[in-house]
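To keep things clear, I will list the structure first and then write my remarks on it.
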Amino acid sequence: MPKKTFFNLSDEKRRNIIDIALDEFATNGYSKTSINAIVSRADIAKGSVYQYFNDKKDFYLFLVKYVKELYVEHRSKDIGDIHAQSMRVSLKKTIMFFRRFLDNYPNEVRFYFALVGDSSIPFYEEISKIITDPSIRYVRDIISSAKANGELREDIDENMLSFALVALITSFQQASVSESTGAFYGMRADSIGSLSKNADKLIDLVFDGISSR
């Protein structure tokens, strides 16, 4: 994680370094991204980076954590208190939030999708923990609240439901920012109305099931 010297930088300079690094890693992938390219664009000495981070891996893990924490922070403000609203409302808000996050933080979202498909990262387990653990805790919190409020069956397997919901939310979010993927599932990624309508359909499937019996 960053050294104290990184946080001693001005907000503008720190933000500039982050933005450039996000773009370089998203464009070139982890293995092909050069620290030289980052420092050249940021107009800082190469040695300065190692005053801020231990190495390239340390820098990258910081960016992963930064993006995830930014997402969680804004999601919390957008979704509101999940204990004070129904599970349906929380799920709908969660599914739709990602599109708004993209509109405000396109560079961060591009970095996120790039790392998900980057097979050149040799420490993906560490990244997965940073990305996945908060999402699982969040969904389990929604499930526990819904169960306490009598919205779910008492015998529901919370682990399996958590697994299913994280997968559904993640897949929908990916479709909501990709025109080709969205179109494959009959959704228009450029239309909030279309996404909202299909989010309701997905949530109905979760609550109503798919069996004819």
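A short reminder: the numbers here are calculations on the coordinates, not readings from a lab. Source: prediction; values computed, not measured. A quick note on method: Cβ atoms are made from the backbone with ideal geometry, for glycine too, and the neighbour counts reach across all protein chains shown.
Worth a mention:
- Intensity falloff of the chain expressed as log10 I(q)/I(0), Debye formula with alpha-carbon point scatterers, at q = 0.09, 0.16 Å⁻¹: -0.43, -1.11
- Whole-number Å³ per residue for the convex hull built on Cα positions in region 88-207: 116
- Between Ala84 and Ser171, the C-beta separation translates, for a Förster distance of 30 Å, into a calculated FRET efficiency of about 0.65.
- The charge dipole of region 61-208, taken about the Cα centre with unit charges on the Cβ atoms of Lys, Arg (+1) and Asp, Glu (-1), comes to about 340 debye, rounded to the nearest 20.
- In the chain, helical runs assigned H by DSSP with n ≥ 4 each contribute -39500 (n - 2.57); averaged across all residues and rounded to the nearest 500, the mean residue ellipticity at 222 nm is -24500 deg cm²/dmol.
- Inter-site label distance for Asp58 and Tyr124 at 7 Å from Cα along Cβ, in nm: 2.6
- Taken as entire DSSP H runs, the helices of the chain that both span 24 Å or more between Cα atoms along their own long axis and average 0.0 or more on the Kyte-Doolittle scale are 158-176.
- Non-local lysine pairs in region 61-208, meaning eight or more places apart or on different chains, with alpha-carbon distances under 26 Å, amount to 24.
- Relative contact order of the chain, defined on C-alpha pairs under 8 angstrom at six or more residues apart (%): 21
- R0 of 41 Å, Cβ-Cβ distance Ser194-Ser40: FRET efficiency to nearest 0.05: 0.45
- Sites Met160 and Asp19 - FRET efficiency at Förster radius 41 Å, r taken between beta-carbons, to 0.05: 0.55
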